[in-house]
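Novice: For reference, the structure I am asking about is given below.
The values are calculated or read from the model by the stated rules, or taken from the named source; none is laboratory data. Predicted model, so just to flag it, every value in this text is computed and none were measured. Note: ideal-geometry Cβ built from the backbone for every residue, glycine included; neighbour counts use all protein chains shown.
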């Protein structure tokens, strides 16, 4: 019992200086801006092809989402030789469920718009952490469906940007958005007065200890 | 005056979004390197405008810099 208490006792393990330098120091903002721009450009390009490209998924004269339907059908299939694209049965079941319910009609819009929005948000640095997280989620799903392509590299980059969310958008709209809106644990200048806290120009309320 | 400055900053970043979309539309044939540069240039210009606006709108008084996630 004492061992359990000692193991689960509250301790705060501090990050080393270089980790804080990389993920929380505004001097690293230019580096994060380059990473953010590269990732955003890739997403915008991918979304653009799905929306307006010659092999687009949506915005077609006929049914929408047939491109996605073909992609899902290839992903859930079992080839005569070699291993299937999807390794996890639960993910194959999920895609099969989506196919059976013809979800590709609306899901293709969700993916195309999601990619364009994530790309633009990363480029302008607005809600950078959330945009990178959305991108990482899409990368993760593409990889689960058996598509390697650029997804592993973009996924790693997105995860790094999620870790560096505080400074990744410093050279961007987040420079204003984060102080204005704040976070769930630290309301910003616009939200604080609405919650009955200190208004702009006034010192923030003391934190509970 | 501050509202106008803030509007200029917002417009600068809106311009980046528009330029990014136009550039991708113009050069979407392949995954090229060149489209990256006009977008990056637009971001740098918008950032400089943003910093200029920040200095005049947010840091002119005794405003504090909010550091989210700080200890």
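Novice: Of everything in region B:16-55 that's within 16 Å of residue A:116 (Cα to Cα) and more than 8 Å from every other protein chain (Cβ to nearest Cβ), which residue is surrounded by the fewest Cβ atoms within 10 Å (Cβ to Cβ)?
Specialist: The qualifying residue surrounded by the fewest Cβ atoms within 10 Å (Cβ to Cβ) is B:26.
Novice: Residue A:123: over 12 Å from the mean Cα position of the chain (by Cα) and surrounded by 19 or more Cβ atoms within 10 Å (Cβ to Cβ), yes or no?
Specialist: In short, yes.
Novice: Please pick out the residue among A:112, A:136, A:118, A:158 that is within 30 Å of residue A:175 (Cα to Cα), at pLDDT below 95 and buried (at least 20 other Cβ atoms within 10 Å of the Cβ).
Specialist: Only one candidate qualifies: A:112.
Novice: In this structure, is residue A:142 touching a helix residue (DSSP H, G or I) at 6+ places or on another chain (Cβ under 9 Å) and at pLDDT 95 or above?
Specialist: Answer is no for this residue.
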